[in-house]
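Working notes, structure below.
Readers should treat all values here as calculations from the given coordinates under stated rules, not as data from a laboratory. Quantities reported herein were computed from a predicted structural model and do not represent experimental measurements. Quick reminder, even Gly has a Cβ in these numbers, built from the backbone with ideal geometry, and neighbours come from all protein chains shown.
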Amino acid sequence: MTLSAREGSRQRPRLTIVHGTRTPLAPSTVADWRRVASAVLACTHELSHHLLEQRWARVDEALRERRELLGWFARLPLDTDGRLCLKSLSEAAAESERAVAAMMAGRA
């Protein structure tokens, strides 16, 4: 169901009914890997905030969570785009982990 904008200030909104079914949709593997990839990016964003605020215990937690998400990602059935995305995210995660390790070593 959609609600269109009012055409005039005194007119009522018009509703459009869209036909649907009650049967569940088949899961899409493309949607699955895209959701996991989005979760990896969100985790990386959270990691950057913890680094900026120097919350070192949370940094370790975010790194573990991102590793776990990448592990799930690697176990999904992936198409070519999914494999390229996994490779890019894995390489970026490895690079950022090396940078975080250098920061932690410099802090000690």
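Brief remarks follow.
- For THR44, THR80, order by how many other beta-carbon atoms lie within 10 Å, fewest first: THR80, THR44
- Neighbour counting of Cβ atoms within 10 Å sorts the residues ASP79, ASP60, fewest neighbours leading, into ASP79, ASP60.
- Phi to ³J(HN,Hα) by Karplus 6.51 cos²θ - 1.76 cosθ + 1.60 over region 36-48, Hz, x for Gly, Pro: 5, 4, 5, 5, 5, 5, 5, 5, 5, 5, 4, 4, 5
- Among VAL36, VAL100, the ranking by other beta carbons within 10 Å of each residue's beta carbon, starting with the fewest, stands as VAL100, VAL36.
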